[in-house]
Amino acid sequence: MKEIIFNGKKINSNAMSLDELLKELLKESNEKFVVAVNESFIPKLSYSEHSINDGDRVEVLTPMAGG
């Protein structure tokens, strides 16, 4: 089990890839979002290839309207 910081909160997960982690935590979300791991944005096509490691900081960011 890995300890990960997800949106500022410590969680434990067995996910091996970013894709697995997002499926585990976001369930069936239809919301648009981008993901940064350790302050680097990850392209959506790379989610299944990007490994999740103990201590990673994962941030999910959603667009906001306004200005």
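The values are calculated or read from the model by the stated rules, or taken from the named source; none is laboratory data. Model, not experiment: these values are computed from the prediction. Quick reminder, even Gly has a Cβ in these numbers, built from the backbone with ideal geometry, and neighbours come from all protein chains shown. Note: areas computed on protein heavy atoms with side chains; ligands, DNA, RNA excluded. Shrake-Rupley method; radii C 1.70, N 1.55, O 1.52, S 1.80 Å.
Observations on the structure shown:
- Per-region count, region 39-55, residues in a helix (DSSP H, G or I) and small (Gly, Ala, Ser): 1
- Matching residues, region 4-38, being of a type in the set (A, V, I, L, M, F, W, C) and assigned to a strand (DSSP E or B): Ile4, Ile5, Phe6, Ile11, Val34, Val35, Ala36, Val37
- Cβ-Cβ under 7 Å pairs, at least 6 apart or on other chains, region 1-24 side on the phi < 0 side of the Ramachandran plot and without any contact (Cβ under 8 Å) to a residue 24 or more places away in the chain, far side open to solvent by less than 80 Å² (accessible area, probe 1.4 Å) and part of a loop (DSSP other than H, G, I, E, B): Glu24/Ala15
- Residue count for region 9-23, restricted to those that are more than 10 Å from Val58 (Cβ to Cβ) and either surrounded by fewer than 13 Cβ atoms within 10 Å (Cβ to Cβ) or among the β-branched types (Val, Ile, Thr) (or both): 4.
- Residue check for Ala65: touching an Asp or Glu at 6+ places or on another chain (Cβ under 8 Å) and either open to solvent by less than 50 Å² (accessible area, probe 1.4 Å) or of a type in the set (Gly, Ala, Ser) (or both): no
- Apart from one condition, Val37 fits all of (1) touching a residue at least 24 places away in the same chain (Cβ under 8 Å); (2) surrounded by 15 or more Cβ atoms within 10 Å (Cβ to Cβ); (3) in contact with a strand residue (DSSP E or B) (Cβ under 6 Å, 6 or more places away or on another chain); the exception is (1).
- Selection from region 40-62 of residues that are in contact (Cβ under 8 Å) with a residue 12 or more places away in the chain, of a type in the set (D, E, K, R) and surrounded by fewer than 16 Cβ atoms within 10 Å (Cβ to Cβ): Glu49, Asp54, Arg57
- In the set (1) under 12 Å from the mean Cα position of the chain (by Cα); (2) open to solvent by less than 70 Å² (accessible area, probe 1.4 Å), the condition left unmet by Ser29 is number (1).
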